[in-house]
Amino acid sequence: MQLRQVGRGATIGVLAAGMLAVSATAAFADVVRGDHGQAVWCVQHVVHTYNGISVGPNGEDSDFGGNTERAVKTYQGRKGVGVDGRVGPITGHVMFQDVSNLHQLAHHTGDNDLFIDTGHWLSVCPGASNVFR
């Protein structure tokens with residue numbers, strides 16, 4: 001079987017019988033510089049809103065540029081995980097745990113705004129990228 005990379009994280013193997021086998025690892029792709037969309041907003045929201053780290057003058061714009069990369073590196077350094085500016089399974093899990101803990105705290109302290117905000121993140125972000133587990 002020959003394997004061919006087709007985009008970030010997805011591999012297609014062509015079998016001798018002419019069938020295609022797809023390894024769907026794209027759902028587990030890191031959230032990185034150059035990415036756009038909901039998963040990037042999720043990263044920016046954790047870093048900026050919940051941890052007070054600037055993601056740049058455009059704020060939480062769903063665009064993973066240099067400012068977001070620097071902010072992720074700062075976040076990673078504060079949390080004691082590998083500092084590479086990428087949000088993979090380890091950083092994503094730390095983010096998920098951060099939000100889960102804040103959600104619990106908001107529930108216990110009666111901070112309704114924070115409870116709603118973290119609840120929204122928890123309902124949206126794990127579906128945006130599997131790194132948030």
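Please report, in debye to the nearest 20, how large the charge dipole of the range 31-128 is about its Cα centre when each Lys and Arg carries +1 at its beta carbon and each Asp and Glu carries -1 there. Can you show the working numbers first?
Numbers: 6 positive and 10 negative charges, 79 e Å.
Approximately 380 debye in magnitude.
Here the label points at ASP111 and HIS93, each 7 Å from Cα along the C-beta direction, are separated by 2.5 nm in the simple model. Taking the number of Cβ atoms within 10 Å of each Cβ as an exposure proxy, the fewest-first ranking of ASP61, ASP113 is ASP113, ASP61.
Every read-out reported here was derived from the displayed coordinates using simple, explicitly stated rules and does not represent laboratory data. All of these numbers come straight from a predicted model, not from anything done at the bench. FYI the Cβ positions are ideal-geometry reconstructions off the backbone, even for glycines, and counts take in every protein chain you see.
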